[in-house]
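The values are calculated or read from the model by the stated rules, or taken from the named source; none is laboratory data. Since the structure is predicted, the reported quantities are computational estimates derived from the model, not experimental observations. Quick reminder, even Gly has a Cβ in these numbers, built from the backbone with ideal geometry, and neighbours come from all protein chains shown. Each accessible area value is taken on the protein alone, full model and side chains, heavy atoms only, with ligands, DNA and RNA left out. Shrake-Rupley method; radii C 1.70, N 1.55, O 1.52, S 1.80 Å.
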Amino acid sequence: MKNKASIIDLREKIDKIDNQIFILLSKRFSIVHQIFNIKKEKGISISNPTREKKITNKMIRRHKKINSDFIHKIYSVIFNYSKKIISTRGEDK
């Protein structure tokens, strides 16, 4: 029974972490939208592959225990979704 209780406790911890991940992603996407508005106002290109590569590489260096391909995939999804939300909602905010 002790193992079952510890599994439940650990799953609750994972659930809390998962929730925190999405809270942080929401904050990140809100900031992305702010950056989009500034770039739009100044006529700066929305896409910045150089910065995307720097961010990804920095995270790979900082988190060596996490597979680098996994980090690339996570950031690819984040960057693509960021571009998607500003292209679909960029005009209405």
_Residue that is over 21 Å from residue 88 (Cβ atoms) and out of contact with any strand residue (DSSP E or B) (no Cβ under 9 Å at 6 or more places or on another chain), where the choices are 66, 38_ = 66
_Every residue in the range 11-55 that is aliphatic (A, V, I, L, M), in a helix (DSSP H, G or I) and either farther than 26 Å from residue 69 by Cβ or open to solvent by 70 Å² or more (accessible area, probe 1.4 Å) (or both), please._
14, 17, 21, 23, 24, 31, 35, 38
*Out of curiosity, is residue 85 within 16 Å of the chain's Cα centre (by Cα) and either assigned to a helix (DSSP H, G or I) or not hydroxyl-bearing (Ser, Thr, Tyr) (or both)?*
yes
*Identify, please: which residue in the range 64-80 is in a loop (DSSP other than H, G, I, E, B) and open to solvent by 90 Å² or more (accessible area, probe 1.4 Å) and is, among those, farthest from residue 52 (Cα to Cα)?*
65
